[in-house]
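The values are calculated or read from the model by the stated rules, or taken from the named source; none is laboratory data. Note that the structure is predicted; figures quoted are calculated from it, not measured. Here the Cβ is made from the backbone with ideal geometry for all residues, glycine too, and neighbour counts use every protein chain on show. What goes into the accessible areas is simple: the full protein's heavy atoms, side chains included, and nothing from ligands, DNA or RNA. Shrake-Rupley method; radii C 1.70, N 1.55, O 1.52, S 1.80 Å.
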Amino acid sequence: MLADSGGGGAIVPFSGDPNHAAPPPPPVRPIRHGVAPPISRVFVSWSSGNLLQVACLSGGRGAEEVAGSVVEVNLAVANGSAEVEQEIDEAEMRRIEYGSVPAFALLQSRRNALADAAAMQHMHSVSERAEWWQYVLQYSKTIGKLLGSPDSLPGLMIEDPRAILKVRERPTSLKAAWELLEIFYVDKNLHSWLPERLVDWLADYDSLLTKTDGTVYCKLSDFQKKLINLQVVENDPDYWNGLSAALSVGWLDVVVNMLRFHGSYQLDQMDNRETENGLVEAVAVLVSTMPRMRPDLPTGKLGQCCTSRPDFIKAWEKWRGQVSKLECSAFWIQCGHQKTRDGLKNLLHIMMGNIKDLTAATSHWLELFASHFLYIRPFTVGFEGMHHLAQKCIQLKPSFGNSGLTGLLNGILSENPEVVLAECTKKFGPWMVTHSMELLAADNEYADIMLHEERPNFGGLSIEELHRLVYAQVLSSHSLTWQIAPTYLSSCLNQGLGLLEILLLKQPIQDNRQVLKTLELCRLYELENVSTNIMKIAGIYHWKHGRKGTGVYWFQQAHDKVRLDRIAQQLFERIGKSVADDNFKQWEGLVELLGSDIGSAGGLEFLHRYRDFKRSLQQALEGRTGEAARQTVEFLIQLMRNPSTPQRFWLPLLHDSVRLLNCKPCPLLNVAETTLLLNKLQELSMAKLRPDFCTNHLPSHALSSVRLALASNLARAILEEP
């Protein structure tokens, strides 16, 4: 409801029943309508799917100008998924939805092919085949590229030498969650260096871990803004805090770059700072040569790669010895800058794996988790050991206001697919759930059984099929995405095809392009009955709205002989009432649209022949061609001999031909043909005596005029015979 005039047009919330306990606070959804207060009226109505249309109007009845705005509010997203919605706008999400269809369809095709092969080889499931995880990995990589890359932006032509963080594409929680699932469930090539891959993931998505607590990325971003106004960076505590934080999570290139900001590197030094600069450079060298248990490093990253465990242990012991040697060096006494000495020693303690310094340098438990892999437990393997370490880090660094990524990682490390699926559903929406289930079951037998087991409480559906149906429903509710819903419905064997038929039958048929698109989907999924029904519905709609030709076209495409016969009867009634040329022009175009295939036109066969007769008669009366008169007579004889010609049209046909029969000096009909027409005329005279005879609204002298013309033609025909 609206507040009074003193409230500035704000909306007063409903507080509930005062006699009962206070209800939980409802979810608040801000509406950016852009209408200047006061707001006089608010209109709310449902739109497609879960969208709510809210119209805000300003200005009362006496106002000279009334301004307003209509906005759509999506009620489907929960608290976590609302953050994802803010990260990705509707247009970008539609691009992702459309782009993921080919990859999903290809994977399902490969699954079906492998399922057939597994059935022949008596294997229990597709996931038992060695090549399946490679197909899933290819699928995951394709979706990952679709979601974007943190390093996809081109570099600047002139780089800032004092830039700490590179300019890159804004990361999204959806992409981060997808990479987590790929790292732990799909990519078997990462098993030997899984901790290092998690460190790389944290480097890309550290800014998404929390909205309330600080992170390493936030510290460095804040110091980057402060760096512009600093003359001597080593005197600022944030400089050393940023260095410690970056080193703790393994951002070695950032640490070396920031160490180069130190004042001892400047050439215009009044004091002798060679020893201080030597210590800074020695720490930078140690940082840049830190051993890493991984096959290679991305471009621009620092460290010494070791592909085997013995090589890493050897390099690790050598490097740790160099760090210890530098820490015990006598050069520290000659360093006159206290903050530099303390800051560099703190960096050495971090490299030595001092748990107190690592805990102090990190802000989030996941950052502390990654620092253990780098400096304390580089050989951590297995979900159990990683989960135990994660719980320990959570106790040391409890954080609040976490995003869905931390809950997702906890579910992964605890080897609980139900928790992972629940987090994806709650935080990342139906698209993520539908496409990530393939990753969960790629190499996990328990997850494969859990997702594909048919459950009686779901009506015989599996969890996988249920989530696909939910996602297909979301797609079907929007006019721009409904056409990709059949891809997901067709993959649901229990109820998908039935819902697909309902979806196609409920599509609007006002626009022929929309109908053609729907019919194409019917053809792709071999739904001939649905296609026929859609064409019949389109024909009925257009016929009732006055578009007769379009309606007849769809009836003919549907081979609807019953309705075509009814249309023919309506046309018979119209033509039978008046055979004037004006009336002929009204229905001639309709018959023309029926095409040349008379047999498929059902009861309209007579109208095609009658159209040809009228055209030839008009040409004969105008004297365009000499053969036109004879051809008109042939059409007339064919119509009168054809049993499909209704009797009530006999007299109009003969009456139309009177002028042609009278204006020609030589007879156009021979004796046999004239006798045939006279017999038809006699039958018509006898039929007029029956009570059910239908009149044609012709002149009263029409019958006598036709009889006279035929008699005259018969006399001339007898005289002309040899």
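Of all residues in the stretch 630-652, exactly one satisfies the criterion of being hydroxyl-bearing (S, T, Y), modelled with pLDDT under 80 and either closer than 17 Å to L678 by Cβ or open to solvent by less than 40 Å² (accessible area, probe 1.4 Å) (or both), namely T645.
Of the residues making up the stretch 242-249, not a single one is assigned to a helix (DSSP H, G or I), more than 22 Å from D200 (Cα to Cα) and in contact (Cβ under 8 Å) with a residue 24 or more places away in the chain.
Looking at the structure I just gave you, is R197 loosely packed, with under 14 Cβ neighbours inside 10 Å, under 26 Å from G404 (Cα atoms) and at pLDDT 85 or above? Steps first, please.
On the way: loosely packed, with under 14 Cβ neighbours inside 10 Å: no; under 26 Å from G404 (Cα atoms): yes; at pLDDT 85 or above: yes.
In short, no.
Could you grab me the full set of residues in the stretch 296-323 that are exposed (fewer than 14 other Cβ atoms within 10 Å of the Cβ) and more than 17 Å from L247 (Cα to Cα)? Those that are exposed (fewer than 14 other Cβ atoms within 10 Å of the Cβ) and more than 17 Å from L247 (Cα to Cα): D296, P298, T299, T307, S308, R309, P310, K314, E317, K318, G321.
Residues in the stretch 482-499 that are open to solvent by less than 70 Å² (accessible area, probe 1.4 Å) and more than 19 Å from P430 (Cα to Cα): G498 only.
Looking at this structure, is I333 closer than 25 Å to G242 by Cα, among the β-branched types (V, I, T) and open to solvent by 50 Å² or more (accessible area, probe 1.4 Å)? Full working, then the answer.
Numbers: closer than 25 Å to G242 by Cα: yes; among the β-branched types (V, I, T): yes; open to solvent by 50 Å² or more (accessible area, probe 1.4 Å): yes.
Criteria met by I333.
Checked against the criterion of being in a helix (DSSP H, G or I), more than 19 Å from S140 (Cβ to Cβ) and free of Cβ contacts under 8 Å to residues at least 24 places away in the same chain, the candidates D222, D206 yield just one match: D222.
Cβ separations smaller than 6 Å between residues 6+ apart or across chains give the following pairs from the stretch 284-298 residues that are without any contact (Cβ under 8 Å) to a residue 60 or more places away in the chain and of a type in the set (A, V, I, L, M) to residues that are buried (at least 16 other Cβ atoms within 10 Å of the Cβ) and in a loop (DSSP other than H, G, I, E, B): L297/G303. Open to solvent by 30 Å² or more (accessible area, probe 1.4 Å), within 23 Å of L451 (Cα to Cα), of a type in the set (S, T, N, Q) and at pLDDT below 65: which single residue out of S152, S127 fits that description? Exactly one of S152, S127 is open to solvent by 30 Å² or more (accessible area, probe 1.4 Å), within 23 Å of L451 (Cα to Cα), of a type in the set (S, T, N, Q) and at pLDDT below 65, namely S127.
Which residue, of T275, T212, is among the β-branched types (V, I, T), assigned to a helix (DSSP H, G or I) and open to solvent by 10 Å² or more (accessible area, probe 1.4 Å)? Within the list T275, T212, the selection yields T275. Residues of the stretch 438-454 that are over 24 Å from the mean Cα position of the chain (by Cα), open to solvent by less than 60 Å² (accessible area, probe 1.4 Å) and among the charged types (D, E, K, R): D448 alone. The residues on offer are I540, I463, and the sole one that is under 15 Å from Q557 (Cβ atoms) and β-branched (V, I, T) is I540.
Of the residues making up the stretch 508-531, one or more are in contact with a Cys (Cβ under 8 Å, 6 or more places away or on another chain), without any contact (Cβ under 8 Å) to a residue 40 or more places away in the chain and surrounded by 17 or more Cβ atoms within 10 Å (Cβ to Cβ).
Condition check: hydroxyl-bearing (S, T, Y) and modelled with pLDDT of 75 or more. Does T625 satisfy that? So T625 fails the test. Only one of the listed residues (S403, S363) is small (G, A, S) and touching a strand residue (DSSP E or B) at 6+ places or on another chain (Cβ under 7 Å). That residue is S403. Comparison of I534, I502 shows that the only residue that is open to solvent by less than 80 Å² (accessible area, probe 1.4 Å) and either part of a loop (DSSP other than H, G, I, E, B) or modelled with pLDDT of 90 or more (or both) is I534. Going through (1) hydroxyl-bearing (S, T, Y); (2) in a loop (DSSP other than H, G, I, E, B); (3) open to solvent by less than 20 Å² (accessible area, probe 1.4 Å) one by one, S479 falls short only on (3). The residue list R566, R547, R513, R574 contains one member that is modelled with pLDDT of 85 or more and under 30 Å from T645 (Cβ atoms), which is R547. In the stretch 344-379, the qualifying residues are those that are polar (S, T, N, Q) and farther than 22 Å from T210 by Cβ, and the one that is least open to solvent (accessible area, probe 1.4 Å) is N346.
Count of the stretch 396-427 residues, restricted to those that are surrounded by fewer than 23 Cβ atoms within 10 Å (Cβ to Cβ), touching a residue at least 60 places away in the same chain (Cβ under 8 Å) and touching a Gly at 6+ places or on another chain (Cβ under 8 Å), is 2.
Here are G459, G382: which of them is open to solvent by 30 Å² or more (accessible area, probe 1.4 Å), free of Cβ contacts under 8 Å to residues at least 12 places away in the same chain and on the phi > 0 side of the Ramachandran plot?
Numbers: G459 fails: free of Cβ contacts under 8 Å to residues at least 12 places away in the same chain.
Going through G459, G382 in turn, just one is open to solvent by 30 Å² or more (accessible area, probe 1.4 Å), free of Cβ contacts under 8 Å to residues at least 12 places away in the same chain and on the phi > 0 side of the Ramachandran plot: G382.
Is it the case that some residue within the stretch 362-370 is closer than 27 Å to V323 by Cα, of a type in the set (G, A, S) and touching a residue at least 12 places away in the same chain (Cβ under 8 Å)? Yes, some residue in the stretch 362-370 is closer than 27 Å to V323 by Cα, of a type in the set (G, A, S) and touching a residue at least 12 places away in the same chain (Cβ under 8 Å).
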